[in-house]
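The values are calculated or read from the model by the stated rules, or taken from the named source; none is laboratory data. Quantities reported herein were computed from a predicted structural model and do not represent experimental measurements. Quick reminder, even Gly has a Cβ in these numbers, built from the backbone with ideal geometry, and neighbours come from all protein chains shown.
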Amino acid sequence: MTAHAVDPSPLVPPMPERNPKALRAAIAQHTPQLLPDFDEHWRWAVADAFDISTVPAFMARWWGEYAIARDPKLDAHMKDLHRRASESTDITEAKALLEEASNIRYHVRRLEPGQ
């Protein structure tokens, strides 16, 4: 795992309480570019479904999205990993780059509120 996912810079806002309302407020305040997709996903995955069983999967996805986007260095690193993987002509290299991105996503989803 890279240092990015473990040691966010001091300017990185903490993770909010782990509920949709708090996460939406944090996204609106710190990563507003994610808000339209968050709201659209909420509408079709939860609100229009009339089924709260979809909330854990929704939260897992957006918890990770916010955790990455709130840290400009980590966000840039993830974009770079994906860009390099998409441009790579070496399958082994591309797989390693995508595996690193996957590991980061796995680790940020485990962050707790306040971290």
> When you scan the stretch 15-52, how many residues do you find that are at pLDDT below 95, assigned to a loop (DSSP other than H, G, I, E, B) and surrounded by 13 or more Cβ atoms within 10 Å (Cβ to Cβ)?
Replying inline: 1
> Got a number for residues in the stretch 43-60 being among the hydrophobic types (A, V, I, L, M, F, W, C) and either in contact (Cβ under 8 Å) with a residue 40 or more places away in the chain or under 19 Å from P113 (Cα atoms) (or both)?
Replying inline: 5
>> For a quick check of your reading of the model, give me the residue pairs whose first member lies in the stretch 14-42 and is in contact (Cβ under 8 Å) with a residue 24 or more places away in the chain, whose second is small (G, A, S) and in a helix (DSSP H, G or I), with beta-carbon atoms closer than 7 Å and at least 6 apart or on different chains.
In response: M15/A67; P16/A22; P16/A25; P16/A26; T31/A69; L34/A69
> Of all residues in the stretch 27-45, which are in contact with a helix residue (DSSP H, G or I) (Cβ under 9 Å, 6 or more places away or on another chain) and within 15 Å of D75 (Cβ to Cβ)?
Replying inline: I27, H30, T31, Q33, L34, D37
